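Computed from the coordinates by the stated procedures, all read-outs in this text should not be read as laboratory data. None of these values were measured; they are calculated from a predicted model. All Cβ positions, even for glycine, are placed from backbone atoms using ideal geometry, and neighbour counts span all protein chains on display.
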Amino acid sequence: MQTLPELGAAVATRRKLLGLKQGVVAAQAGVTPESLSRLERGRVLEFGARKLLAVLAVLGAELDIVAQGQGGNLDQLRRERAQSVDRP
């Protein structure tokens with residue numbers, strides 16, 4: 001993920017996966033529903049780190065910093081995680 005629109009789309013996907021409404025997530029994170037909506041739609045120029053971390057906490061997600069090009073795709077990450085769990 002390299003842009004706020006990509007980040008917003010990921011937040012929206014996670015929220016929908018959990019079956020949560022924007023208003024509920026926004027209230028629990030202490031942000032306005034409008035700001036969460038704009039983030040999810042990629043309509044923000046910036047979104048503060050504290051706000052983002054609060055939204056991610058409500059969604060049971062966290063932010064990881066990885067070197068560019070090292071993130072892999074979701075299937076690749078799942079395989080790697082499964083392999084690391086299977087190792088003695």
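With 10 angstrom as the radius, rank R15, R38, R43 by how many other C-beta atoms surround their C-beta, starting from the fewest. Can you show the working numbers first?
On the way: R15 21, R38 16, R43 13.
So the residues, fewest neighbours to most, are R43, R38, R15.
If each residue's Cβ is checked for other Cβ atoms within 10 Å, how do E6, E46 rank with the fewest at the top?
Values: E6 11, E46 8.
Taking fewest neighbouring Cβ atoms as first place, the list is E46, E6.
Can you compute 3J(HN,Hα) from phi for each residue in the range 4-13, using the Karplus curve 6.51 cos²θ - 1.76 cosθ + 1.60 with θ = phi - 60°, rounded to whole Hz and x for Gly and Pro?
With the stated coefficients, the range 4-13 comes to 4, x, 5, 4, x, 5, 5, 4, 4, 4 Hz.
Test of understanding: ordering T13, T3 by Cβ neighbours within 10 Å, fewest first, what list do you get?
Details: T13 12, T3 9.
Result, fewest neighbours first: T3, T13.
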